[in-house]
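Undergrad: Below is a structure I'd like to ask you about.
Just so it is clear, none of the values below were taken in a lab; they were calculated from the coordinates. The structure displayed is predicted, hence computed values, not measured ones. In this analysis, Cβ positions are derived from the backbone assuming ideal geometry, glycine residues included, and neighbour counts consider all displayed protein chains.
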Amino acid sequence: MPPRKLHIKSYGCQMNVYDAQRMADTLAGEGFVETASAEEADLVILNTCHIREKASEKVYSELGRLRAAKDQAARDGRGMSVVVAGCVAQAEGDEIIRRAPVVDVVVGPQSYHHLPQLLARAKADGRALETEFPVEDKFGFLPQPSRRAIRARGVSAFVTVQEGCDKFCTFCVVPYTRGAEMSRPVEMIVEDVQRLADNGVREITLIGQNVNAYHGDGPDGRPWPFGKLLHRLAGIPGIVRLRYSTSHPRDVEETLIEAHRDLAALMPFVHLPAQSGSDRILAAMNRRHTADDYRRVIDRFRRVRPDIAFSSDFIVGFPGETEQDFAATLALVAQIGYAGAYSFKYSPRPGTPAAEMKETVSTADMDERLARLQSLIDSQQSAFNTASIGRTVDVLFERAARNAGQIVGRTAYLQPAHVMASDDIIGQVLPVAVESLERYSLLGSLASLSRAPVNDAPAKAAPSQATMGV
Ligand code: 5AD
Ligand code: SF4
């Protein structure tokens with residue numbers, strides 16, 4: 001039987017990117033190979049995001065398009081199955097089944113290891129829905145990627161260390177869609193990282209909705225804090241860079257600060273969402289930290305790693321946000337000086353406490369505040385990137401660039417950097433003399449290899465990966 005074709009379209013955060021890979025690994029065992037085209041696929045999975053309104057609207061318009069593709073597939077005499085996975089599936093499973101007859105299976109993030117059975121059930125019964133939080137830990141059931149899959153995915157990989165969130169920020173759906181906070185055991189993570197390293201991965205990004213709340217069981221039978229996990233992983237041969245995302249300012253323990261002080265592999269670039277600079281709004285958001293608490297956390301990082309840079313998330317127009325509250329956010333941003341940040345208009349999420357709040361901010365005010373905040377962030381980001389010009393910075397080379405002869409990699413601050421070189425530098429960290437900047441990309445040349453690698457530049461980057469949670 002020829003291999004069946006699988007197309008996965010992921011929206012939203014890094015966790016979804018990672019989950020998509022795990023679903024592909026699970027379905028590889030069922031004879032599916034991935035294809036870039038939804039139209040020619042036998043199985044299409046929409047891996048959805050529910051964090052803001054637009055994200056879930058996109059799902060329904062995508063399902064409209066898929067209906068046409070599925071009809072065409074039927075006319076061509078072949079079947080196409082459509083699966084909705086991810087957080088919209090979790091939050092609105094019943095409604096999806098009701099509203100979108102094109103959908104065969106709805107599966108929540110905790111049940112991806114059941115996908116083969118769900119597809120079989122849909123075949124037998126017409127459709128299948130699973131959005132319970134099963135008692136077993138899905139991580140014990142999700143298969144490891146094959147060596148080929150690891151190599152095809154490149155030198156940088158995500159590894160989930162925790163999932164879910166118990167913080168219940170009043171605007172956020174994550175505690176409802178991803179469930180209670182749980183951490184994977186240390187040894188399981190070590191095994192995953194070792195296997196990735198053995199197959200050419202050089203950089204690991206540890207992911208979770210609230211990654212620094214990590215408290216997984218260690219081999220000594222005790223819960224390990226996040227910093228201790230980082231120390232353990234930094235000792236794995238082949239791993240030259242470690243990153244993590246996303247962190248909560250309240251969970252920055254001393255072991256994490258020590259890890260930044262002690263581990264050369266731990267990159268000095270931290271995504272630390274603030275959400276607002278107003279204590280009144282932070283309290284209404286149930287963030288459980290003040291703007292000054294946040295500033296103090298930033299100072300603790302900076303004391304041990306002066307070259308550290310930060311990115312953040314901000315929400316404008318949270319219910320009751322006044323011009324004065326918004327000014328406090330601008331003041332916080334101006335004071336911290338970010339390498340980049342994401343900013344969002346507040347979007348009421350059904351079922352969250354903030355969605356019940358009455359003092360809504362007008363769309364016009366939200367638009368205007370968003371534009372002002374983004375313009376401040378853009379200017380900080382561009383100053384950060386411009387500061388790299390003329391410096392020598394370490395780059396981990398990842399792949400051939402679209403421009404012939406160029407190889408692209410990333411700096412410590414996730415800035416893309418391009419050089420002319422042969423592709424045997426892929427997988428290596430090499431110093432690059434930065435000559436110019438093109439949009440967010442640094443252009444330069446390999447610095448003389450006789451020079452020691454330099455990692456000093458407070459060169460600034462667009463945080464180029466999607467973020468999640470916190
Ligand atoms: N409205 C707007 N932005 C939100 N975020 C989370 N929930 C909402 C919401 N209801 C943002 C937060 C979070 C990021 C991933 O998305 O800033 O850190
Ligand atoms: Fe948890 Fe982050 Fe959502 Fe707050 S914003 S509830 S910390 S995932």
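Undergrad: Provide the gained length on full extension for the span E254 to R65, in nm with one decimal, where the gain is 0.36 nm per separating residue minus the Cα-Cα distance.
TA: 63.1 nm
Undergrad: Less than 11 Å from a label point 7 Å out along the Cα-to-Cβ axis of E368: which backbone N atoms in region 316-358 qualify, by residue?
TA: Within reach of a label on E368, which here means backbone N under 11 Å from a point 7 Å along Cα→Cβ, region 316-358 contributes 323.
Undergrad: Exactly which trypsin sites (Lys or Arg not before Pro) in region 277-373 are in a DSSP loop and have at most 11 other Cβ atoms within 10 Å?
TA: Working: sites: R280, R287, R288, R295, R296, R300, R302, R303, K345, K358, R369, R372; in loops: R287, R288, K358.
Here the trypsin sites (Lys or Arg not before Pro) that fit, given the DSSP loop and packing criteria, are K358.
Undergrad: Under the rule of at least 5 residues apart or a separate chain, name every residue whose amide H is placed under 5 Å from the amide H of E435.
TA: HN-HN under 5 Å from E435: G390, L443, G444, S445.
Undergrad: Further question on the same structure: When a footprinting reagent is the concern and you count Cβ atoms within 10 Å, what order do F318, F301 take, fewest first? Could you put the intermediate results ahead of the total?
TA: Details: F318 27, F301 20.
Arranged by neighbour count, lowest to highest, F318, F301 become F301, F318.
Undergrad: Next up: Determine the percent antiparallel among the DSSP beta bridges restricted to the chain, to the nearest 5.
TA: Looking only at bridges with both residues in the chain, the antiparallel portion is about 35 percent.
Undergrad: Residue farthest toward the positive end of the dipole of the chain, with Cβ of Lys/Arg at +1 and Asp/Glu at -1: which of Q194, Y60, A417?
TA: Towards the positive end, the residue furthest out is A417.
Undergrad: Could you tell me the distance between the Cα centroids of region 268-309 and region 1-78, to the nearest Å?
TA: Using only Cα atoms, the two centres lie 37 Å from each other.
Undergrad: So, one more: So what is the calculated 222 nm ellipticity per residue for the chain, using -39500 (n - 2.57) for each DSSP H run with n of 4 or more, over all residues, to the nearest 500 deg cm²/dmol?
TA: -11000 deg cm²/dmol
Undergrad: I need the fraction of alpha carbon pairs in region 1-125 separated by more than 26 Å, rounded to a whole percent.
TA: Working: 935 of 7750 pairs.
Looking at region 1-125, the distances longer than 26 Å represent 12 percent of pairs.
Undergrad: Also, quick follow-up: Sequence neighbours fewer than 8 away in the same chain don't count; with that in mind, list the lysines whose C-alpha is under 20 Å from K358.
TA: K358 reaches K345.
Undergrad: Go through the cysteines of the chain and tell me which have no other cysteine Cβ under 4.7 Å away.
TA: Lacking a cysteine Cβ partner under 4.7 Å: C13, C49, C87, C165.
Undergrad: When all C-alpha to C-alpha distances in region 245-297 are sorted into bins of 5 Å, what percent of pairs does each bin hold, rounded to whole numbers?
TA: Taking all Cα pairs of region 245-297, the binned fractions are 4, 18, 27, 22, 13, 9, 5, 1 percent.
Undergrad: About its Cα centre, what dipole magnitude does region 274-330 give when the only charges are +1 on Lys and Arg Cβ and -1 on Asp and Glu Cβ, stated in debye to the nearest 20? Intermediate values should be presented prior to the final figure.
TA: Details: 9 positive and 9 negative charges, 80 e Å.
Here region 274-330 has a charge dipole of around 380 debye.
Undergrad: Would you order M366, M357 from fewest to most other beta-carbon atoms within 10 Å of each residue's own beta-carbon? If you can, show how the numbers build up before the last one.
TA: On the way: M366 21, M357 16.
Least crowded to most crowded, the residues run M357, M366.
Undergrad: Further, regarding this structure: Would you list, by chain and number, the lysines whose Cα falls below 27 Å from the Cα of K138, excluding same-chain residues fewer than 8 positions away?
TA: K138 reaches K5, K9, K123, K167, K228.
Undergrad: Express the relative contact order of region 315-405 as a whole percentage, based on alpha carbon pairs under 8 Å and six or more residues apart in sequence.
TA: Numbers: 63 pairs, mean separation 36.0, N = 91.
That works out to 40 percent.
Undergrad: Sorting V190, V252, V395 on the 10 Å Cβ count, fewest up front, what's the list?
TA: Placing the least packed residue first, the sequence is V190, V252, V395.
Undergrad: Assuming a viscosity of 1.002 mPa s and a temperature of 20 °C, what translational diffusion coefficient in µm² per second does Stokes-Einstein assign to the chain, Rh being the Kirkwood radius over Cα pairs?
TA: Roughly 91 µm²/s, to the nearest whole number.
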